[in-house]
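What follows is a set of notes on a single structure, which appears directly below.
The values are calculated or read from the model by the stated rules, or taken from the named source; none is laboratory data. Worth saying up front: this structure is predicted, and the values here are computed from it rather than measured. Cβ placement follows ideal geometry from the backbone for every residue including glycine, while neighbour counts extend to all protein chains displayed. These accessible areas exclude ligands, DNA and RNA; they are computed on the full protein's heavy atoms, side chains included. Shrake-Rupley method; radii C 1.70, N 1.55, O 1.52, S 1.80 Å.
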Amino acid sequence: MGKAGSGSVNGASVISFYKNISTSGMLTLAQQIQYTAGKGTADVFISDADGDSKPDLVAANYDENTVVVMRNGLNETIPPVLTPAISSFMPTSGSSGTTVIIKGSNFIGTTMVSFGGTPAASFTIVSDSVIYAWVGTGSSGDISITSVEGIGKMGRFEYLSSAPPLVVAPNPAIGYTILTHPLSINNSVIKLTSSMGVLVKTIRVSPGIMQTRIDLAGVAPGMYAIWWSDGNSVATKTILVQ
């Protein structure tokens, strides 16, 4: 049988407990442990409130007319806190409408994605490790993912007031599509990535070209992102491959 401990209420909101660690012939109490119950705590009861055969703590708070139950979690395993964590994102800059692929963990249950503190226009949870987010009005700063478990952040995203336009046609596409992109004096690169952020195809484009054919033969049906960059500007478009 266990030993009877000691407790007290300060009449405000704090309940104090002292564990009985006495030995034969020596009364000894452990260091004080405090719990906050509410406002005007006056009555405290010990009762099995949830029917698990373990004594729980029940406190009555007269100033706010509430009752607080503190469960006895003895021998229970506390589930881990699955806070979202970001490991990478691409691209690292963009304007309103840019598609950003965010990779990490614990994304299921995400309630908000933001860029520099500004909420994304929309986002799609592809899996527990991948989110597609579309930049809204935008601002520069950390990318953050919020869920009921917490907030995960990673920097730094640069918001661009404008970005070069991309045109993808046909879209949806079967077999191929044509990407119309800015005419650049630099070498540019086009990347096709899956909804999971996996690189499917890379095309290198010489200066002075503004239309590029993208061969989709062998590409599985689904949503993809097309990225274009010449080292100075970045633009993205989504495409449905049928």
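Quick one: if the Förster radius is 25 Å, what FRET efficiency do VAL69 and LEU29 give, using the C-beta to C-beta distance and rounding to 0.05? Let's see the in-between values first.
Numbers: r = 25 Å, r/R0 = 1.00.
According to the calculation, E is roughly 0.50.
Averaged per residue, what accessible area in Å² does the stretch 138-242 show with a 1.4 Å probe, protein chains only?
51
How many lysine pairs in the chain, separated by 8 or more positions in sequence or lying on different chains, have Cα atoms less than 30 Å apart?
Taking the chain as the scope, the lysine pair count is 16.
Roughly how many percent of the accessible protein surface of the chain is carbon and sulfur, given a 1.4 Å probe and a whole-percent answer?
56
Nearest 0.05, what FRET efficiency do LEU183 and GLN242 give at R0 = 22 Å with Cβ-Cβ as r?
Calculated transfer efficiency: 0.15.
May I ask you to evaluate 6.51 cos²θ - 1.76 cosθ + 1.60, the Karplus curve with θ = phi - 60°, for each residue of the stretch 90-95 and list the ³J(HN,Hα) values in order in whole Hz, giving x for glycine and proline?
Per-residue couplings from phi come out as 8, x, 8, 8, x, 10 Hz.
If you look at just the Cα atoms of the stretch 163-242, how large are its Rg and its Dmax in Å?
Reported Rg and Dmax, both Å: 11.8, 34.
Going by average Cβ density within 10 Å per residue, which order do the peptides 130-136, 198-204 take, highest to lowest?
130-136, 198-204
Using label points projected 7 Å from each Cα along Cα→Cβ, tell me how many nm separate SER88 and LEU166, to one decimal.
1.7
What nm value, rounded to one decimal, do you get for the distance between LEU199 and ASP50 when each label is placed 7 Å out toward the C-beta?
According to this spin-label approximation, the distance is 4.9 nm.
Compute the label zone of SER140 within the stretch 77-101: residues whose backbone N is under 14 Å from the point 7 Å along Cα-to-Cβ.
Answer for this model: 92-95.
Nearest 0.05, what FRET efficiency do GLU149 and MET210 give at R0 = 41 Å with Cβ-Cβ as r?
The calculated FRET efficiency here is 0.35.
Label-point separation (nm) for VAL14 and LYS39, each offset 7 Å from Cα along Cα-to-Cβ?
1.9
Given H placed 1.01 Å from N in the peptide plane, which residues other than close sequence neighbours of VAL205 have an amide H under 5 Å from its amide H?
Here the answer is SER188, VAL189, ILE190, since their amide H atoms fall under 5 Å of that of VAL205.
Computed from the coordinates I sent, volume of the Cα convex hull per residue in Å³ equals one of [x] 142; [y] 204; [z] 127. Tell me the label.
[y]
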